[in-house]
Amino acid sequence: VPVPVPVGTYPRILVLMRAIAAGLYQLTYFPLWAKGPASALALSHSGLEWRGRFPDDWAALKPTTPWSKLPLLEVPGDPPLAIAHELAILSWIGRAVPKMGGATDIEWAASQQIMCECEDIYAKLTKFQPTTRQPVKCSAAELEALWSSSDHTVHNREQGLNVNLALLESFAQRAPSGSAGKLTRFGATTGECKLFSTLHALVMIEADVLYAYPQLDAFYNRFGALSPTRSVVDSGGQMPGSFDQYFVRAA
Ligand SMILES: N[C@@H](CCC(=O)N[C@@H](CS)C(=O)NCC(=O)O)C(=O)O
C-alpha cells in the first residue's frame, strides 16, 4: 500500500517518482472537459490503479513534457514511460488492458475508428466552437453551419457536426458485437471512452444534440450511467477535482 505523500513536503519531482515507484499510473491534464477526460474514463474503466494531477505551474512543467502539451500519462515500470497525445494514451491503455482495446481484431479496429472519428469532431470544435477562454473564433454564420449543415456530399472540411454524428450512428447500427447502447461486447473500450467524452462535450453545448441519433443517445445514456463514468463526470475520478465545461455556446 503506497504511503500517502503529504502535499508540499517534497519537491514535485519526488512526489512524481514516488507515485511511479508505488506502481500508480499518473494522468496530468487541465481541469477542463477537453482532451483529458477520455483518458480519465479509460483509466477508470480499465481497473488500473491511477491518480491524476492538475499542473500547478504549467509554464514550468511544459518544457519537461515529451510534446510540450497535455494530456500526459506516466506509466510505472523500468524504465517508466511518459506518453502524450490523447489518442496515443488511449491506444496504450487499450494495449495494456486488452478488454479496453477490444476483445477481437474487429473490435480493436472499431474502437480505433470511433476514436479517430471523434478526433475529427474535436478538430471542428477546436476550430469553430467558442470556449470559456476564447468566446469568438469564427463568424456567426460559420458557427451556425457547424451545427446545422448535414450535407455529406461536400469535402469533409466543409461538413458540419451532423455528418460526423450520422456516420457514428450508422457505425453503431452496424457494430457486429454491439447491442443496447454498446458498440462492442464490453461496451467501454477506449474508442467508447473517447466517444462518450466527445458526445458529452456536445451535449453540454446543446442538450438535445443526440435526439436524432437513437443509437448514440442509447450509448450516451448507458455509458453515462456506469459508475466509473459517473465518478469522472461528477468529480474527475482520481483527478484532484472535476473537469469543467470548456466548449460553450456563443454568447
Ligand atoms: N495532439 C494533442 C493536442 C493536445 C493539446 O492541444 N493540448 C492542449 C490542451 S487541450 C495544451 O496542452 N495546451 C497548452 C499548451 O500548449 O501550452 C492531443 O491530442 O493530445
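The values are calculated or read from the model by the stated rules, or taken from the named source; none is laboratory data. Predicted model, so just to flag it, every value in this text is computed and none were measured. Ideal geometry is used to build each Cβ from the backbone, glycine not excepted, and the neighbour counts take in all protein chains shown. For the accessible areas, the whole protein counts, side chains as well, though only heavy atoms, and no ligand, DNA or RNA atoms are used. Shrake-Rupley method; radii C 1.70, N 1.55, O 1.52, S 1.80 Å.
Could you look through the range 151-166, keep only residues that are part of a loop (DSSP other than H, G, I, E, B) and crowded, with 19+ Cβ neighbours inside 10 Å, and pick out the one that is modelled with the lowest pLDDT? By that ranking, first place goes to Gln159. Filtering the range 149-169 to residues that are within 10 Å of Lys124 (Cβ to Cβ) and among the charged types (D, E, K, R) leaves only Arg157. Beta carbons closer than 9 Å, at least 6 apart along the sequence or on distinct chains, pair a first residue in the range 83-95 that is farther than 18 Å from Trp108 by Cβ and within 12 Å of the ligand (Cβ to nearest atom) with a second that is of a type in the set (Ser, Thr, Tyr) and at pLDDT 95 or above for Ala84/Thr65; Ala84/Ser68.
Reported count of residues in the range 101-142, each being outside any helix (DSSP H, G or I), within 16 Å of the ligand (Cβ to nearest atom) and surrounded by 15 or more Cβ atoms within 10 Å (Cβ to Cβ), is 4. Scan the range 215-251 for residues that are part of a helix (DSSP H, G or I), surrounded by 13 or more Cβ atoms within 10 Å (Cβ to Cβ) and not β-branched (Val, Ile, Thr) and the total you get is 13.
Residue by residue, here is whether (1) at pLDDT 95 or above; (2) part of a helix (DSSP H, G or I) holds:
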{"residue": "Tyr10", "(1), (2)": "no, no"}
{"residue": "Gly23", "(1), (2)": "no, no"}
{"residue": "Phe30", "(1), (2)": "yes, no"}
{"residue": "Leu41", "(1), (2)": "yes, yes"}
{"residue": "His45", "(1), (2)": "yes, yes"}
{"residue": "Trp67", "(1), (2)": "yes, no"}
{"residue": "Leu73", "(1), (2)": "yes, no"}
{"residue": "Gly77", "(1), (2)": "no, no"}
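Consider Ser39 carefully, then state whether it is open to solvent by less than 40 Å² (accessible area, probe 1.4 Å), more than 10 Å from the ligand (Cβ to nearest atom) and among the polar types (S, T, N, Q). Considered against the rule, which asks whether it is open to solvent by less than 40 Å² (accessible area, probe 1.4 Å), more than 10 Å from the ligand (Cβ to nearest atom) and among the polar types (S, T, N, Q), Ser39 comes out as no.
Here is a check on your reading of the model: is Leu73 without any contact (Cβ under 8 Å) to a residue 12 or more places away in the chain, surrounded by 13 or more Cβ atoms within 10 Å (Cβ to Cβ) and within 16 Å of the ligand (Cβ to nearest atom)? Taking the combined requirement at face value, the residue does not satisfy it.
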